[in-house]
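To start, the structure itself, in structure tokens.
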Number of protein chains: 2
Amino acid sequence: MTTASEHRAARPHADPTRARILEAALDLFSERSFEGASTRLIAERAGVPQPLLSYHFGSKDELWKAAVGQVFDELNRAMGGRVEGLRGVDDLTVAKLVVADFVRFSAAHPELHRIITQECKAEGEHLQWLVGHHIRPLYDGAVSMFEPLVAAGLIRDVPAVHLYYLLTGAAATMFVLAPECRLLSGVDPLDPAEVERHVDAVVAMLFAAPGAP
Amino acid sequence: MTTASEHRAARPHADPTRARILEAALDLFSERSFEGASTRLIAERAGVPQPLLSYHFGSKDELWKAAVGQVFDELNRAMGGRVEGLRGVDDLTVAKLVVADFVRFSAAHPELHRIITQECKAEGEHLQWLVGHHIRPLYDGAVSMFEPLVAAGLIRDVPAVHLYYLLTGAAATMFVLAPECRLLSGVDPLDPAEVERHVDAVVAMLFAAPGAP
DNA sequence: GGAGTGTTTTATCAGGCGACCAAGAACAGT
DNA sequence: ACTGTTCTTGGTCGCCTGATAAAACACTCC
């Protein structure tokens with residue numbers, strides 16, 4: 001039942017293999033879908049026999065939750081640390097820096113948005129779980145970041161929901177569809193220079209002065 | 001081998017069932033993925049026995065191509081008709097109207113972007129086929145719409161690739177993730193008033209004056 | 001150095017998958 | 001009414017899926 005939590009001294013092999021499985025699972029769950037990534041394929045990529053997944057995570061569903069939770073934890077760590085280091089800076093500058101870092105994170109971890117766009121298209125257990133455990137706090141944070149700026153007239157008067165999907169869509173799509181982008185334009189969006197170009201583009205679009213159109 | 005193409009007079013029942021199958025297939029392929037949508041499930045939703053899919057389309061793969069081709073044809077008809085009716089209008093106004101209509105189409109047919117984000121995340125047959133047969137022309141059209149505007153200084157100096165993914169991401173994400181949006185904010189993005197709000201937001205962001213930052 | 005626990009492996013289960021086949025039903029031209 | 005084609009149906013094949021049972025191994029602690 002308790003796979004690995006209490007005393008760490010008693011399992012030397014477990015943690016490394018757990019990590020390898022999680023990495024392989026995240027890769028495959030995000031590229032193919034939940035149904036499209038078989039436990040055997042995940043096991044093969046992780047270099048372990050298939051029943052090990054059941055042993056460590058109980059079921060395919062629990063493995064999915066563990067893998068997904070990992071990326072969101074990384075995101076929360078990255079973004080949380082960013083705003084922490086900006087105490088006292090004015091709201092607009094903070095927002096610009098946060099958005100810039102969010103674009104960079106989306107480039108470094110396209111699996112995040114790949115999984116979101118896979119599981120949030122249709123009602124279901126996965127959607128409910130994702131929103132309840134991981135997405136809701138992020139959304140609330142984004143809204144409470146945007147609303148003061150809109151109220152102060154520093155960015156356009158657009159409802160926060162629209163700003164949120166404008167931001168996430170504009171920030172992530174190019175990296176989510178990186179293979180398409182390469183085939184279509186010859187440009188590799190994961191190239192650091194291209195990432196910075198996209199950061200600039202997103203920030204410029206989102207934080208345009210309100211009186212421009 | 002030839003399922004249905006040459007002379008249409010000889011198949012009275014076929015076309016309606018074909019249409020029902022295609023509709024069900026598009027729905028399920030876009031919500032669940034290609035692997036996640038079984039032929040039995042598609043058949044059940046279409047109200048036909050499962051082997052009919054093999055008869056009409058030969059294989060699951062061919063069914064997928066037919067269903068996908070249908071949405072892209074609709075998009076091409078809609079957008080093509082739009083630019084046709086705007087001969088003589090200045091480039092900037094045309095671009096704004098085309099972008100607005102593209103957002104509206106994305107709201108009316110979220111399946112389009114759902115399928116794209118599903119099959120273009122990883123290299124494979126489906127990606128190659130999609131780009132070659134349907135996405136490339138759209139991309140070329142978008143680029144040749146944006147580049148004169150950038151050259152004339154009417155929109156920000158951002159490479160066309162970035163503009164393309166900024167546009168498609170910002171336009172479609174809210175509608176692709178409509179179930180998430182409802183759960184997250186209580187707002188139904190498919191509500192016509194919300195769609196128009198999103199149209200305004202996307203157009204305003206994309207066509208902001210270049211000298212605003 | 002044997003007990004006992006945590007981890008890995010092998011072998012196997014029932015169920016769902018895509019595809020196929022042969023027979024039947026509905027229609028067309030004559 | 002007959003005939004040939006188009007369309008639909010139920011039945012079934014082999015394959016792959018996620019999960020489990022039980023045996024083999026690894027390691028710590030007494």
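Values quoted throughout were computed directly from the atomic coordinates according to the rules given, and no laboratory measurement underlies them. These numbers come from a predicted model, not from an experiment. When we count neighbours, we look across all protein chains shown, and the Cβ atoms used for this are built from the backbone with ideal geometry, even at glycine.
Need one value for B:182-191: mean number of C-beta atoms belonging to other chains within 10 Å of its residues' C-beta atoms.
Details: counts 1, 10, 11, 8, 1, 4, 0, 3, 0, 0.
Per-residue shielding by partner chains comes out at 4.
So which GluC sites (Glu not before Pro) in segment A:79-154 are both in a DSSP loop and have at most 16 other Cβ atoms within 10 Å of their Cβ?
On the way: sites: A:E84, A:E111, A:E119, A:E123, A:E125; in loops: A:E123.
Those that pass, being in a loop and sparsely packed, are A:E123.
What is the percent of Cα-Cα separations in the protein assembly as shown that go past 35 Å? List each step's numbers first, then the result.
Numbers: 29043 of 90525 pairs.
Here the tail beyond 35 Å accounts for 32 percent of pairs.
Taking a label point 7 Å from Cα toward Cβ, how far is B:V150 from its twins in the other copies, in nm, shortest first?
With the label placed 7 Å along Cα→Cβ, B:V150 yields 3.0 nm.
Would you list the P(r) distribution for segment A:34-73, with all Cα-Cα distances sorted into 5 Å bins from 0 and each bin expressed as a whole %?
Cα pair-distance distribution for segment A:34-73, in percent: 5, 24, 32, 28, 9, 1.
Mind checking B:119-127 for the average number of partner chain beta-carbons within 10 Å of each residue's beta-carbon?
Numbers: counts 3, 8, 15, 10, 5, 3, 0, 0, 4.
Per residue, the number of nearby Cβ atoms from other chains is 5 on average.
Taking the beta-carbon count within 10 Å as an exposure proxy, list B:H198, A:H162 from fewest neighbours to most.
Working: B:H198 28, A:H162 24.
Starting with the residue having the fewest Cβ neighbours, the order is A:H162, B:H198.
Please report, ordered by residue number, every helix of chain A (full DSSP H runs) that is 24 Å or longer along its axis going by C-alpha atoms and whose mean Kyte-Doolittle hydropathy reaches 0.5. Mind dumping the intermediate values first?
Values: long enough: A:14-31 (26 Å, -0.01); A:60-84 (36 Å, -0.52); A:91-108 (25 Å, 1.13).
Answer set is A:91-108.
Would you mind computing Rg(Cα) / (2.2 N^0.38 Å) for chain B, counting N as its residues?
Details: Rg = 19.4 Å, N = 213, 2.2 N^0.38 = 16.9 Å.
Its radius of gyration relative to the 2.2 N^0.38 Å reference: 1.15.
Any chance you could tell me what percent of the C-alpha pair distances in segment A:139-185 go past 16 Å?
On the way: 522 of 1081 pairs.
When every Cα pair of segment A:139-185 is considered, 48 percent fall beyond 16 Å.
For segment A:143-198, calculate the relative contact order in percent as a whole number, restricting contacts to Cα pairs under 8 Å that are 6 or more residues apart. It would help to have the intermediate numbers written out before the result.
Working: 26 pairs, mean separation 11.2, N = 56.
After rounding, I find 20 percent.
So what's the back-of-envelope 222 nm ellipticity for the protein assembly as shown, counting only DSSP H runs of four-plus at -39500 (n - 2.57) apiece and dividing by all residues, rounded to 500?
Working: 22 runs with 296 residues, N = 426.
Computed ellipticity for the protein assembly as shown at 222 nm equals -22000 deg cm²/dmol.
For the pair A:R87 and A:A193, how long in nm is the line joining their label points, each one 7 Å along Cα→Cβ?
For A:R87 paired with A:A193, the spin-label model returns 4.0 nm.
Work out the length of the dipole vector of segment A:42-88 about its Cα centre, built from +1 on the beta-carbon of each Lys and Arg and -1 on the beta-carbon of each Asp and Glu, and round it to the nearest 20 debye. Present the calculation step by step, with values, prior to reporting the outcome.
Working: 6 positive and 6 negative charges, 33 e Å.
Dipole about the Cα centre, nearest 20: 160 debye.
Over all directions, how big on average is the projection of the convex hull of the alpha-carbon atoms in segment B:21-113, in square nanometres? Working shown, then result.
Working: hull surface 26.3 nm².
Computing the convex hull of the Cα atoms and averaging its projections yields 6.6 nm².
Defining a contact as two alpha carbons under 8 Å apart and six or more residues distant in sequence, what relative contact order in percent does chain B show?
20
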